[in-house]
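Comments concern the structure below.
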Amino acid sequence: MTITKAAPPPVDRGDADDRQGARGWQFNSPLVLTMVLLLVVAAQGPVRQALSAPVMQSWMTVFVAVVVQALPFLVLGVLLSAVIAVFVPPTFFARALPKRPALAVPVAGMAGAVLPGCECASVPVAGALVRRGVTPAAALAFLLSAPAINPIVLTATAVAFPNDPRMVVARFVASLLVACAMGWLWQRLGRTDWLRPPSRPAHEGLGKGAAFWGSVRHDVMHAGGFLVVGAMAAATLKAVVPASWLQAAAGNPVVSVLALAVLAVLLSICSEADAFVVASLSQFSLTARLAFLVVGPMIDLKLFAMQVGTFGRGFALRFAPATFALAITVSVLVGTVLL
């Protein structure tokens with residue numbers, strides 16, 4: 001019996017040439033950088049001319065002013081938030097809160113006044129509290145109050161509104177009222193099946209140093225990015241939108257409050273920086289700007305996504321609209337009395 005050796009399959013020269021050509025035209029980092037530099041050099045004339053326009057000069061002035069003023073508070077808030085999230089055991093809060101939920105809610109709300117942290121950190125901390133047996137009503141009150149009335153945020157508000165010290169008091173009072181009211185509302189109307197048990201946070205099980213720097217990197221990337229977006233939006237409103245449009249919106253008390261409340265949700269600015277953004281919108285009343293400061297740290301796009309991921313979609317779809325409506329109502333009432 002003879003064994004014949006199978007002939008090798010024919011090679012498609014076209015496919016081989018195509019693969020070789022594709023390999024020859026692959027992009028890499030030096031090539032992309034070179035192309036970008038060439039484009040910048042070629043377009044430097046039009047770019048310089050565009051940047052020298054009065055509108056762009058005004059835009060850049062507002063943008064840089066907002067970022068430079070807010071950045072120190074943002075960095076300090078991120079560092080303190082990481083310290084609390086990593087080095088303060090969640091069992092500390094469980095031991096410190098009263099056993100009765102009705103009393104635990106205002107105590108948890110007031111705890112936010114002494115524990116610096118932005119809203120990016122308050123959601124995981126609230127999740128850890130629920131996971132360790134703290135009543136959800138108290139954990140939710142802390143979730144809403146901590147990013148709104150902590151010392152870093154109130155100091156930033158005082159710096160952003162140097163001529164209106166009442167804004168600091170109004171922000172503290174309105175935010176604390178909303179946080180406690182939402183806690184009591186959840187205690188009375190909330191159901192267990194609406195709140196999904198929070199999962200274990202990513203930094204648990206890591207070393208303290210790795211967890212700390214991981215938390216800092218996460219918060220800086222998120223909060224810093226939203227600060228830039230917020231500063232760009234504020235600069236655009238000041239430099240591009242006709243002043244008559246802003247005056248028309250600001251002149252109607254109802255429209256101005258709703259406009260800035262919705263803007264706070266869309267911009268999703270970190271609470272350590274939001275005061276500097278809204279302070280630049282001087283066309284609007286103090287009450288409308290107060291609504292921006294109260295709504296933003298409690299419900300915005302990134303917070304809604306974090307609440308869905310931590311507590312479940314059913315919770316977020318009920319909690320977020322109620323918080324938004326209550327925050328606007330309380331802001332108007334407090335603003336009418338104090339501002």
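Kindly check whether there is at least one residue in segment 189-196 that is in contact (Cβ under 8 Å) with a residue 40 or more places away in the chain and in contact with a Pro (Cβ under 9 Å, 6 or more places away or on another chain).
Yes: one or more hits.
Given the condition within 23 Å of residue 162 (Cβ to Cβ) and in contact with an Asp or Glu (Cβ under 7 Å, 6 or more places away or on another chain), answer yes or no: does some residue in segment 299-321 qualify?
Scanning segment 299-321, I find no residue that is within 23 Å of residue 162 (Cβ to Cβ) and in contact with an Asp or Glu (Cβ under 7 Å, 6 or more places away or on another chain), so the answer is no.
Return yes or no: is residue 146 at pLDDT 90 or above and either within 23 Å of residue 315 (Cα to Cα) or in contact with a helix residue (DSSP H, G or I) (Cβ under 6 Å, 6 or more places away or on another chain) (or both)?
no
Among (1) crowded, with 17+ Cβ neighbours inside 10 Å; (2) in contact (Cβ under 8 Å) with a residue 40 or more places away in the chain; (3) closer than 30 Å to residue 196 by Cβ, there is one condition residue 257 misses while meeting the rest; what is its number?
(3)
Return yes or no: is residue 264 closer than 22 Å to residue 68 by Cα, small (Gly, Ala, Ser), crowded, with 19+ Cβ neighbours inside 10 Å and without any contact (Cβ under 8 Å) to a residue 40 or more places away in the chain?
In short, yes.
Take residues that are at pLDDT below 80 and tell me which of the helices (runs of 4 or more DSSP H) falling wholly in segment 26-140 contain 1 or more.
Counting at least 1 such residues, we get 29-42, 44-51, 54-87, 90-96, 119-131.
When segment 149-159 is examined, which residues are found to be over 17 Å from the mean Cα position of the chain (by Cα) and at pLDDT below 90?
In the first step, residues of segment 149-159 are kept if they are over 17 Å from the mean Cα position of the chain (by Cα); the result is 151, 155, 158-159.
The answer is 151, and nothing else.
Please go through (1) within 20 Å of the chain's Cα centre (by Cα); (2) assigned to a helix (DSSP H, G or I) for residue 297 and return the number of the only condition it doesn't satisfy.
All conditions pass for residue 297, except number (2).
Just to be sure I understand the filter: pairs with C-beta atoms under 8 Å, separated by 6 or more residues or on different chains, first member in segment 148-175 and in contact (Cβ under 8 Å) with a residue 12 or more places away in the chain, second member in a helix (DSSP H, G or I) and hydroxyl-bearing (Ser, Thr, Tyr). Which pairs pass?
Note: pairs meeting the criteria are 148/175; 149/175; 167/157; 168/157; 171/157; 174/331; 175/145.
Taking residue 198, is it in contact with a helix residue (DSSP H, G or I) (Cβ under 7 Å, 6 or more places away or on another chain), under 23 Å from residue 316 (Cα atoms) and modelled with pLDDT of 85 or more?
no
Go through segment 94-112 and give me each residue that's of a type outside the set (A, V, I, L, M, F, W, C) and surrounded by fewer than 16 Cβ atoms within 10 Å (Cβ to Cβ). Working first, answer last.
Taking segment 94-112 first, the residues of a type outside the set (A, V, I, L, M, F, W, C) are 95, 98-101, 106, 109, 112.
Of everything in segment 94-112, those that are of a type outside the set (A, V, I, L, M, F, W, C) and surrounded by fewer than 16 Cβ atoms within 10 Å (Cβ to Cβ) turn out to be 95, 98, 99, 100.
Which number in (1) in a helix (DSSP H, G or I); (2) buried (at least 18 other Cβ atoms within 10 Å of the Cβ) marks the one condition that residue 269 misses?
Failing condition for residue 269: (1).
The values are calculated or read from the model by the stated rules, or taken from the named source; none is laboratory data. Since the model is a prediction, treat every value here as computed from it, not as a measurement. Positions of Cβ are generated from backbone atoms using ideal geometry, with glycine treated the same way; all protein chains shown enter the neighbour counts.
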